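**Student:** Got a structure for you, written out below as structure tokens; questions coming shortly.
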Amino acid sequence: DARRALKQLEPMDFGVTFAVGQGLEAKFTPAGHILGSACLRLSDGRSAIGFTGDLGRPNDLIMRPPAPIEAVDYLVVESTYGDRLHGVSDPVADLGEVLRRTSARGGSTIVPAFAVGRTQALLQAVQLLKASGSIPDLLPVYLNSPMAIDVTRLYSQHRHEHRLDDTATHRMCHAAKFIDSVEESKALDDSNGPKLIIAGSGMATGGRVVHHLRQCLPDPRNTILFTGYQAGGTRGARLMGGASSIRMFGEDIPVKADIVALHNLSAHADYQEMLGWLEQLARPPRTVFVTHGEPEAADALRGHIEHRFGWQVEVPDYRDRIVLHTPRA
């Protein structure tokens, strides 16, 4: 089914208006979240609705800032971080501090990372740290995720969609040794000495990272570093919540390793950055619909938008149907 569905896809460039049905036009603009992410504007010639999708940040390590969209009558916005602000600390410096501290006690740093976006930001941070001498150039760095390896290579093929030049892109793509085979993956757990392993999945629910966690969690010299949102009920969320043991492979693995979160590498705009993006709209939408967030985050963003702009904002419930009225001429 997936392969057949892929044959139906037709790529469209950013900024190009195209027909998607009788009397309906669409346009994509860069969302700045991950490679290829887009905001969508749909118009029937009388009214228009916009969708942010996942909205990126203005100062991402790799992606360019999200571009503004043309004026719309209705706007659907995400709210992943609708109730939070990202820290002001430098995520590259914070990563360097974690790596130095862990390496000094002879431990390894394991990063459960999302294959698209977060992994590449980590690789860029690593190459910046090594170039500045903030971490030893000889510290072994491994990318142990077939999907993340494939995606990383795409950043070279689509250099025009992010902020890195050719040299920086090359360095980012070569900041780690790519681990392709299962045999190489297993061998990493048998290697001694400090190292950094980046592996999926990002919430430690599956993938090769769970084997590294099984090996590294019982050793207090090691660090498990989370760099992204951990949904409730996931293994990552339990570790972040202070679990003393984690059930894996039919056994309870004691948690002795240092558990650290690096929040400032998030690829989602916080509520202040979201408001900054909304300020760029040519005119106020008739209604803003807040979606894609925990209930507290969605309601908080609703309040922030209402307070800043005085716009009408709604947080729809699951399966709600809303009639969009055409503005009067």
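The values are calculated or read from the model by the stated rules, or taken from the named source; none is laboratory data. The structure displayed is predicted, hence computed values, not measured ones. Cβ sites come from the backbone with ideal geometry, for glycine too, and all protein chains shown count toward neighbours. Areas reflect the complete protein model, heavy atoms only, side chains present, ligands, DNA and RNA absent. Shrake-Rupley method; radii C 1.70, N 1.55, O 1.52, S 1.80 Å.
**Student:** Within the set of pairs 6+ apart or on separate chains, which have a first residue in segment 81-105 that is free of Cβ contacts under 8 Å to residues at least 60 places away in the same chain and closer than 17 Å to residue 197 by Cα, a second that is of a type in the set (Gly, Ala, Ser) and surrounded by 19 or more Cβ atoms within 10 Å (Cβ to Cβ), and C-beta atoms under 7 Å apart?
**Tutor:** 92/125
**Student:** Residue 99: closer than 18 Å to residue 268 by Cα and either touching a strand residue (DSSP E or B) at 6+ places or on another chain (Cβ under 7 Å) or of a type in the set (Phe, Trp, Tyr) (or both), yes or no? Step through it out loud before you land on a result.
**Tutor:** Details: closer than 18 Å to residue 268 by Cα: no; either touching a strand residue (DSSP E or B) at 6+ places or on another chain (Cβ under 7 Å) or of a type in the set (Phe, Trp, Tyr) (or both): yes.
No: the conditions fail for residue 99.
**Student:** Related question: Does segment 274-288 contain any residue that is open to solvent by less than 90 Å² (accessible area, probe 1.4 Å), of a type in the set (Asp, Glu) and either at pLDDT 95 or above or under 19 Å from the mean Cα position of the chain (by Cα) (or both)?
**Tutor:** Taking every residue of segment 274-288 in turn, none turns out to be open to solvent by less than 90 Å² (accessible area, probe 1.4 Å), of a type in the set (Asp, Glu) and either at pLDDT 95 or above or under 19 Å from the mean Cα position of the chain (by Cα) (or both).
**Student:** If only one of 267, 282 is touching a His at 6+ places or on another chain (Cβ under 6 Å) and part of a loop (DSSP other than H, G, I, E, B), which one is it?
**Tutor:** On the way: 282 fails: touching a His at 6+ places or on another chain (Cβ under 6 Å).
None of the others qualify; the one that does is 267.
Okay, residues lined up against (1) surrounded by 10 or more Cβ atoms within 10 Å (Cβ to Cβ); (2) under 30 Å from residue 275 (Cα atoms); (3) touching a His at 6+ places or on another chain (Cβ under 6 Å); (4) acidic (Asp, Glu):
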| site | (1), (2), (3), (4) |
| --- | --- |
| 1 | no, no, no, yes |
| 15 | yes, yes, no, no |
| 22 | no, no, no, no |
| 31 | yes, yes, no, no |
| 43 | yes, yes, no, no |
| 47 | yes, yes, no, no |
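**Student:** Filter segment 142-174 for residues that are within 21 Å of residue 206 (Cα to Cα) and open to solvent by less than 80 Å² (accessible area, probe 1.4 Å) and give the result.
**Tutor:** If we filter segment 142-174 for residues that are within 21 Å of residue 206 (Cα to Cα), which is where we start, we get 142-152.
Listed by number, the residues that qualify are 142, 143, 144, 145, 146, 148, 149, 151, 152.
**Student:** Can residue 304 be described as touching a residue at least 60 places away in the same chain (Cβ under 8 Å), open to solvent by less than 60 Å² (accessible area, probe 1.4 Å) and not in a helix (DSSP H, G or I)?
**Tutor:** Details: touching a residue at least 60 places away in the same chain (Cβ under 8 Å): yes; open to solvent by less than 60 Å² (accessible area, probe 1.4 Å): yes; not in a helix (DSSP H, G or I): no.
No.
**Student:** Next question. Quick check on segment 238-260. Is at least one of its residues farther than 27 Å from residue 69 by Cα, under 17 Å from the mean Cα position of the chain (by Cα) and open to solvent by less than 10 Å² (accessible area, probe 1.4 Å)?
**Tutor:** Start the filter on segment 238-260 by keeping residues that are farther than 27 Å from residue 69 by Cα, which leaves 238-260.
Within this subset, residues satisfying the condition of being under 17 Å from the mean Cα position of the chain (by Cα) are none.
No, because not a single residue in segment 238-260 is farther than 27 Å from residue 69 by Cα, under 17 Å from the mean Cα position of the chain (by Cα) and open to solvent by less than 10 Å² (accessible area, probe 1.4 Å).
**Student:** Among the residues of segment 105-128, is any surrounded by fewer than 20 Cβ atoms within 10 Å (Cβ to Cβ), of a type in the set (Lys, Arg) and assigned to a helix (DSSP H, G or I)?
**Tutor:** No.
**Student:** Can you find a residue that is among the hydroxyl-bearing types (Ser, Thr, Tyr) and in contact with a strand residue (DSSP E or B) (Cβ under 7 Å, 6 or more places away or on another chain) anywhere in segment 227-235? Write out each step before concluding.
**Tutor:** Initially, segment 227-235 is screened for residues among the hydroxyl-bearing types (Ser, Thr, Tyr), giving 227, 229, 234.
Right, trim to in contact with a strand residue (DSSP E or B) (Cβ under 7 Å, 6 or more places away or on another chain) and you get 227.
Yes, segment 227-235 has at least one match.
**Student:** Any residue at all in segment 70-77 that's open to solvent by 30 Å² or more (accessible area, probe 1.4 Å) and within 28 Å of residue 158 (Cβ to Cβ)?
**Tutor:** Initial filter on segment 70-77 (open to solvent by 30 Å² or more (accessible area, probe 1.4 Å)): 70.
Then drop every residue that is not within 28 Å of residue 158 (Cβ to Cβ), which leaves 70.
Yes, because at least one residue in segment 70-77 is open to solvent by 30 Å² or more (accessible area, probe 1.4 Å) and within 28 Å of residue 158 (Cβ to Cβ).
**Student:** Return the total of residues in segment 175-205 being in a loop (DSSP other than H, G, I, E, B), open to solvent by less than 20 Å² (accessible area, probe 1.4 Å) and modelled with pLDDT under 95.
**Tutor:** Number satisfying all stated conditions: 3.
**Student:** Additional query: Looking for something without any contact (Cβ under 8 Å) to a residue 24 or more places away in the chain and within 30 Å of residue 208 (Cβ to Cβ) - is there at least one such residue anywhere in segment 251-260? Full working, then the answer.
**Tutor:** Here is the first cut: in segment 251-260, the residues without any contact (Cβ under 8 Å) to a residue 24 or more places away in the chain are 251-252.
With the extra rule that they be within 30 Å of residue 208 (Cβ to Cβ), the set shrinks to 251-252.
Yes, that holds for at least one residue.
**Student:** I've got another one for you. Return only the number of the condition from (1) part of a loop (DSSP other than H, G, I, E, B); (2) modelled with pLDDT of 95 or more; (3) out of contact with any strand residue (DSSP E or B) (no Cβ under 8 Å at 6 or more places or on another chain) that residue 139 does not satisfy.
**Tutor:** So residue 139 meets the others, but not (3).
**Student:** On to the next question. Quick one: is residue 152 free of Cβ contacts under 8 Å to residues at least 60 places away in the same chain and among the β-branched types (Val, Ile, Thr)? Even if it seems obvious, please write down each step before you answer.
**Tutor:** Values: free of Cβ contacts under 8 Å to residues at least 60 places away in the same chain: yes; among the β-branched types (Val, Ile, Thr): yes.
Yes, satisfied.
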